1. Report yes if some residue within the stretch 120-130 is at negative phi and within 15 Å of the chain's Cα centre (by Cα); otherwise report no.
2. As an exercise: evaluate I103 against (1) assigned to a loop (DSSP other than H, G, I, E, B); (2) farther than 23 Å from Q168 by Cβ; (3) modelled with pLDDT of 95 or more and give the number of the one condition it does not meet.
3. Which of the residues that make up the stretch 170-199 are assigned to a helix (DSSP H, G or I) and surrounded by fewer than 16 Cβ atoms within 10 Å (Cβ to Cβ)?
4. Identify all residues within the stretch 151-180 that are closer than 23 Å to V138 by Cβ and of a type in the set (K, R); write none if there are none.
5. Please work out if Y143 is in contact with a helix residue (DSSP H, G or I) (Cβ under 6 Å, 6 or more places away or on another chain) and part of a loop (DSSP other than H, G, I, E, B).
6. Of the conditions (1) farther than 25 Å from T39 by Cβ; (2) in a helix (DSSP H, G or I), S157 clears all except one; give me its number.
7. Considering only residues of the stretch 164-204 that are out of contact with any Gly (no Cβ under 7 Å at 6 or more places or on another chain) and of a type in the set (G, A, S), which is modelled with the lowest pLDDT?
8. Quick one: which of A95, A135, A110, A90 is touching a helix residue (DSSP H, G or I) at 6+ places or on another chain (Cβ under 9 Å) and either farther than 24 Å from L67 by Cβ or among the polar types (S, T, N, Q) (or both)?
Amino acid sequence: MSRNTNPAVVVILVLTVVFWLSGAVVGRAQTAATAETVTIDGVSYPVPEPWQGHKMEGPSWLSVPPLVPVPKKHVANNGELYLLPAAEHAFAVMAAKAEQDGIYLVIDSAYRSVSYQRKVYHRQMEEGKTFAQVARYVAPPGYSEHMLGLAVDFSPSDWRFARTPAYQWLKKHAAQFGFRETYPESRPDHQPWEPSHWRYIGGN
């Protein structure tokens, strides 16, 4: 630096650098503080990008009616699954209409709590998968629409469902009963396609 450099200019330059560095550090700290994470077996994992910003707020059991069972004839393996009353009623009406058209709707998943979703991750990670591998196809705990008591997975609950007559029937008629395919094949946020996953949104 030249001997004739104005000392005031030097001070301004130094202060600018200091403020810039401190701002960068604060920015990184704020980002870290607001990063979305989920905890599995006491270990925190960052929420993968496709799920970020999609955390669900489950119903308050003090302000909504209790869950009700889905008729067993529409549940895979004659199991017990539950939905909120409005969703269960709409599903039953839709299933009856589908049956008139020769389509038999069967589900293998409905309401799932956050703790149940953690168990899903625990089981798959116990089988050797990483958190990131499970999150490619399964919503992290707190990010699944199943916790709302409004969503169902039709059977078979994977990509094979897209090849069934039931899927084609739903694509054509489900909106009439207030159901929507909420994880379609093309989404701008690149969440995984789940053709078997449909959510009751009401309105029809």
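The values are calculated or read from the model by the stated rules, or taken from the named source; none is laboratory data. Quick caveat, the model's predicted, so the values are computed rather than measured. We place every Cβ from the backbone using ideal geometry, glycine too, and count neighbours over all the protein chains shown.
1. Going residue by residue through the stretch 120-130, those that are at negative phi are 120-127, 129-130.
Retained after the next criterion (residues that are within 15 Å of the chain's Cα centre (by Cα)): 120-121.
Checked against the condition, which is being at negative phi and within 15 Å of the chain's Cα centre (by Cα), the stretch 120-130 yields at least one hit.
2. (2)
3. K171, K172, H173, A175, Q176
4. At the first step, the residues of the stretch 151-180 found to be closer than 23 Å to V138 by Cβ are 151-164, 166-167, 170, 174, 179-180.
Once the filter is applied, which keeps residues that are closer than 23 Å to V138 by Cβ and of a type in the set (K, R), the stretch 151-180 yields R160, R163, R180.
5. Details: in contact with a helix residue (DSSP H, G or I) (Cβ under 6 Å, 6 or more places away or on another chain): yes; part of a loop (DSSP other than H, G, I, E, B): yes.
Yes, satisfied.
6. With respect to (1) farther than 25 Å from T39 by Cβ; (2) in a helix (DSSP H, G or I), S157 is out only on (2).
7. Only one residue tops the list, namely S186.
8. Going through A95, A135, A110, A90 in turn, the sole match is A135.
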